[in-house]
1. Please work out which one of (1) under 30 Å from ALA66 (Cβ atoms); (2) within 16 Å of the ligand (Cβ to nearest atom); (3) touching a helix residue (DSSP H, G or I) at 6+ places or on another chain (Cβ under 7 Å) is the condition ILE293 fails and give its number.
2. Go through (1) touching a residue at least 40 places away in the same chain (Cβ under 8 Å); (2) over 19 Å from SER195 (Cβ atoms) and name the single condition LYS102 misses.
3. Which of (1) part of a helix (DSSP H, G or I); (2) closer than 29 Å to LEU219 by Cα; (3) small (Gly, Ala, Ser) does GLY393 not meet, given it meets every other one?
4. Mind listing whichever residues of the range 280-317 are part of a helix (DSSP H, G or I), more than 22 Å from the chain's Cα centre (by Cα) and more than 17 Å from SER375 (Cβ to Cβ)?
5. May I ask you to verify whether GLU283 is touching a residue at least 12 places away in the same chain (Cβ under 8 Å) and outside the structural domain of SER46 (by TED's automatic domain parsing)?
6. Taking the range 339-386 as the region of interest, how many residues are closer than 20 Å to SER165 by Cβ, free of Cβ contacts under 8 Å to residues at least 60 places away in the same chain and away from the ligand (no atom under 15 Å from the Cβ)?
7. Looking at (1) in contact with a Gly (Cβ under 8 Å, 6 or more places away or on another chain); (2) within 20 Å of LEU15 (Cα to Cα); (3) not small (Gly, Ala, Ser), which is the one condition that is false for GLU384?
8. State all residues of the range 19-39 that are among the small types (Gly, Ala, Ser) and over 21 Å from THR301 (Cα atoms); if no residue qualifies, say none.
Amino acid sequence: MTKSVDEVRADIPFLRTGIIYLDNAATTPTPEPVIEAMLSYYHEFSANVGRGLHRATRRATEEFEAAREKVARVIGAKPSEIIFTKNTTEAINIVARGLDLKKGDKVITSLFEHHSNLLPWQRLEKERGVRLEVVGSSKECLLDPVEFEVAMDKNTRLITTHHVSNAIGSIQPVEEIGKLARDHEVLYLVDAAQSVGHMPVDVRRIGCDFLAAPGHKGLLGPQGTGFLYAREDKIFELEPLLTGGGIVEDVELHGAKLVDPPQLFDAGTPNIPGIIGLGKACEYVMDIGIDKIAEREKKLTERMLVIGKYSQVEVYGPMNLNRRGGVVSFNISGLGPHEVASMLDELAKIAIRSGHHCAQPTFRHLKINGTARASVHYFNLETEVEKFVELVGQIAREMGTL
Ligand SMILES: Cc1ncc(COP(=O)(O)O)c(C=O)c1O
């Protein structure tokens, strides 16, 4: 049984502040059942995981591992393929640092990545002599698999791309790129920060080896949570970022026998309440229905795109709704993005993001410094979007008369 928009809104305390929250690409508000799941950890079984035998630690470990199953279900993976992280950035860094990429190996990425999917590769370029090639040329920031094929050579080890652009919303052909990578026996990492929870994502359909995602965006989970999917035959190729307590079977003074993945990636005390909250959040979005979320976001996005009719407003990215996620990036001529965001906040408590959205190469490509960006989730109301469109129109008209 799906959850209605009203039910979801009633579950989100933050919305009672009267905010019109259109900054979901940055992070999302947390529903009460997710908060309650975290509280129940603190109230009822506030112990460490994977250590000891008492009842509280057993319960904590059970709930923590149950979260792995729930995350896996969302993306069509197995629990043994899920590594918990604190965010998407950490998940990408695990792949970049953890694979045995050496001098001369080639990594191909795109011009339209979030900085979190560029800087980890730049570091390998500097520190290990890995060759980084960056492709992408379209005005709508859509990726063309042919450009990746052309960039490939016999030393290419990995391709990495985002699924949906946080900067301008483009949906990328990840299944085609996945097929290309498989055909050439090259690894494929997908940055799914803007897709998981917003639209159906199936790692087997994409055919990727790794997929990095946040808990705190589309999944409506707590901040400080994320995960990395690593295909079962590839997870053993990854070195964890951290080593230490909680991941050993036996330790001598000069050596240790470590546990297998995915628990191998849980060194130290993890974010136990956060991960339990993430598990609940996965259940929550699956109860709404991820298809339903995608369908609703598409309708809301279509309404937001109406701002493009004002002559002073420029909207960036694909206009085809099948190629755009719930992100609308725009500028009003004569105003900077920060001014637009402040005005919407002042006028009607509308929260949008402004700036370069951690994607400076994208904006250099578009020859602009940044944009104002509105982004939706299932809980947003048509009336909120109408208000946004109305006020953008009002600001644009006022600018037109100056
Ligand atoms: C496409 C993309 N990749 C990576 C990130 C980084 O995500 P996180 O903040 O979870 O590390 C973001 C955040 O907005 C993003 O939109």
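1. (2)
2. (1)
3. Status for GLY393: all satisfied but (2).
4. Narrowing the range 280-317 to residues part of a helix (DSSP H, G or I): 280-288, 290-309.
Now drop any that are not more than 22 Å from the chain's Cα centre (by Cα), which leaves 303, 305-309.
Listed by number, the list holds a single entry, LYS309.
5. Numbers: touching a residue at least 12 places away in the same chain (Cβ under 8 Å): yes; outside the structural domain of SER46 (by TED's automatic domain parsing): no.
It is false that GLU283 is touching a residue at least 12 places away in the same chain (Cβ under 8 Å) and outside the structural domain of SER46 (by TED's automatic domain parsing).
6. Counting residues in the range 339-386 that are closer than 20 Å to SER165 by Cβ, free of Cβ contacts under 8 Å to residues at least 60 places away in the same chain and away from the ligand (no atom under 15 Å from the Cβ) gives 7.
7. The number of the failed condition is (1).
8. Within the range 19-39, the subset among the small types (Gly, Ala, Ser) is 25-26, 37.
Across the range 19-39, the qualifying residue is only ALA37.
The values are calculated or read from the model by the stated rules, or taken from the named source; none is laboratory data. Only a predicted model underlies this, so the values are computations on that prediction, with no experimental measurement involved. We place every Cβ from the backbone using ideal geometry, glycine too, and count neighbours over all the protein chains shown.
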